[in-house]
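Visitor: Next up is a structure, given as structure tokens.
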């Protein structure tokens, strides 16, 4: 068969067939991955995350001969746009991106536009270790269908400095009351920063009568009525924020700096262990603790996905599988490194691997599993997109 005919046939096959190797043939995947370079596009705004990715690179190079290059992003949407542009230009082989840290609306956009390689996730050897009771098969209500692999569990918490705020605040109404009584001592990252948008969704959960509506795509006919309580809440909160809501931190790490500088006493996080990690790294005082609202907080998983036109699909699968290894998951859980939640079923691991987790000191500010409360499902990604647009139109200002 000629090369031209081969390419023509490949265009008619499912995306999984465009890989040089069947994801289910793991020995062949390992063989093909040896010597490949994987360009992992991932958020680069955290020194601890960057250090963890560098460590992953060292380990996959040592064990599998895969070179991992971290392409630091400020917005995941930039990577999605790159792949979409490559597809429009007919660049269907050896694209610039091999792996993306992705969630929510960005995953939905890539899946909708056939920009993903797969399914591959359930063929990874370490998939068998994953806790299927966690949100590892849906991403913001969108079924993953094996097109992305989880690597960290997350749940919203609020960090607070007990030197100034003695007790946890039970709900969003209490946060508003406290902010009004303590002006300037709270803020959140500026949407469309992911964490800032998450605060808006958490606030919406706190004021909405029927949260089930958030699990369906936005209905234009009902949107205004559903979100009216949210905008009433934000209207009441904004004048009492840090800098009177005239400026916002750009990122979560900038919030931590504001807390370290004693400019604020309350901040949102999507990592139950982030405060303990920041304390361990001397970024926050050891008086900081965390709480969750009594009704629960939004929980999800972080995923990695492989673009359809990656030229190093096998290497990308090897990295995704290593991220699910007990070694990598335990390192990510340790607040000395990241403080990210694990997606593994730790209780089902062999004793030696289970000990990797049992010996971790989660830190003085980390809530235990029984203290986190229920994890609320992420709303459908269309809610996030619409709410971000509305927030920018209503409150958009220069970021700090």
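Coordinate-derived values only; no laboratory data. For clarity, every value in this text was computed on a predicted model and none was experimentally measured. Glycine gets a Cβ as well: all are built from the backbone with ideal geometry, and neighbour counts include every protein chain shown.
Visitor: For the Cα atoms of the chain, what angle does the longest principal axis make with the long axis of helix 47-64, in degrees from 0 to 90, nearest 10?
Guide: So the inclination is approximately 20 degrees.
Visitor: Something else: Counting alpha carbon pairs within less than 8 Å and at least 6 residues apart, what relative contact order, in whole percent, applies to region 77-139?
Guide: After rounding, I find 35 percent.
Visitor: If eta is 1.567 mPa s and T is 4 °C, what Stokes-Einstein diffusion coefficient results for region 304-346, Kirkwood Rh from Cα pairs, in µm²/s?
Guide: Answer from the Stokes-Einstein relation: 113 µm²/s.
Visitor: May I pose another question? Report the rotationally averaged projected area of region 280-334 based on its alpha-carbon convex hull, in square nanometres.
Guide: Details: hull surface 26.9 nm².
The orientation-averaged projected area of the Cα hull of region 280-334 comes to 6.7 nm².
Visitor: Sort all Cα-Cα distances of region 186-277 into consecutive 5 angstrom bins from zero, then give the percent of pairs in each bin up to the one containing the longest distance.
Guide: 3, 13, 21, 23, 17, 12, 8, 3, 1
Visitor: Next up: Based on alpha-carbon positions alone, could you give the equivalent ellipsoid semi-axes of region 261-396 from the gyration tensor, as √(5λ), descending, whole Å?
Guide: On the way: eigenvalues 149, 126, 48 Å².
They are 27, 25, 16 Å, listed largest first.
Visitor: For region 187-241, count all C-alpha to C-alpha pairs, find those more than 16 Å apart, and express that count as a whole percent of the total.
Guide: When all Cα pairs of region 187-241 are counted, 46 percent exceed 16 Å.
Visitor: With an 8 Å Cα cut-off and a minimum separation of 6 or more residues, compute the relative contact order for region 221-319 in percent.
Guide: Relative contact order, region 221-319: 14 percent.
Visitor: Same structure, new question: Report, for the chain, the % of DSSP beta bridges that are antiparallel, rounded to 5. Mind showing how you got there, number by number?
Guide: Numbers: 23 of 36 bridges.
Just about 65 percent of them are antiparallel.
Visitor: Quick one: order 56, 207 by neighbouring beta-carbon count within 10 Å, fewest to most.
Guide: 207, 56
Visitor: Once you sort the root eigenvalues of the Cα gyration tensor of region 24-154 as a ≥ b ≥ c, which label holds: rounded (a/c under 1.5), prolate (a/b larger than b/c) or oblate (the other case)?
Guide: Taking the square roots of the gyration eigenvalues as a ≥ b ≥ c, region 24-154 is rounded.
Visitor: Return one number: the angle in degrees, 0 to 90 and rounded to the nearest 10, between the long axis of the Cα atoms of helix 194-207 and the longest principal axis of the Cα atoms of the chain.
Guide: The answer is roughly 50 degrees.
Visitor: While we're here: Arranged by the count of other C-beta atoms within 10 angstrom, fewest first, what order do 101, 383 take? Don't skip to the end; give the middle numbers.
Guide: On the way: 101 24, 383 27.
Result, fewest neighbours first: 101, 383.
Visitor: Compute the FRET efficiency between residue 336 and residue 138 as 1/(1 + (r/R0)^6), taking r as their Cβ-Cβ distance and R0 = 25 Å, and round to the nearest 0.05. Could the numbers behind the result be given before it?
Guide: Working: r = 31 Å, r/R0 = 1.24.
Approximately 0.20, to the nearest 0.05.
Visitor: Pop a pseudo-label 7 angstrom from the Cα along the beta-carbon direction at both residue 294 and residue 58 and give the gap in nm to one decimal.
Guide: Here the answer is 4.7 nm between the modelled labels.
Visitor: How would you rank 156, 60, going from fewest to most other Cβ atoms within 10 Å of each one's own Cβ?
Guide: 60, 156
Visitor: Based on the Cβ-Cβ distance from residue 260 to residue 174, what FRET efficiency comes out when R0 is 30 Å, to the nearest 0.05? The partial results should precede the final answer.
Guide: Working: r = 24 Å, r/R0 = 0.81.
With a Förster radius of 30 Å, E is 0.80.
Visitor: Also: Using alpha-carbon pairs under 8 Å, 6+ residues apart, how would you state the relative contact order of the chain in percent?
Guide: Here the relative contact order equals 27 percent.
Visitor: While we're here: Which FRET efficiency, nearest 0.05, do residue 235 and residue 92 yield, Cβ-Cβ r, R0 60 Å? Can you show the working numbers first?
Guide: Details: r = 48 Å, r/R0 = 0.80.
That gives a FRET efficiency of 0.80.
Visitor: May I ask for the distance between the Cα centers of region 314-377 and region 208-270, given as a whole number of Å?
Guide: Each part's Cα centre sits 29 Å from the other's.
Visitor: Just to confirm the number: angle between the C-alpha axis of helix 220-237 and the first principal axis of the chain, 0 to 90 degrees, nearest 10?
Guide: With both axes taken from Cα atoms, the answer is about 50 degrees.
Visitor: If you project the alpha carbons of region 92-182 onto their three principal axes, what span does each projection cover, largest first, in Å?
Guide: 57, 29, 22
Visitor: With each pseudo-label sitting 7 Å past Cα toward Cβ, what's the residue 50-residue 67 distance in nm, one decimal?
Guide: About 2.1 nm separates the two model spin labels.
Visitor: Then there is this: Treat each spin label as a single point 7 Å out from the Cα along the C-beta direction, and report the residue 114 to residue 243 distance in nm.
Guide: Label-label distance for residue 114 and residue 243, simple model: 4.5 nm.
Visitor: What share of Cα pairs, in percent, lie more than 13 angstrom apart in region 143-203?
Guide: Above the 13 Å cut-off, region 143-203 has 73 percent of its Cα pairs.
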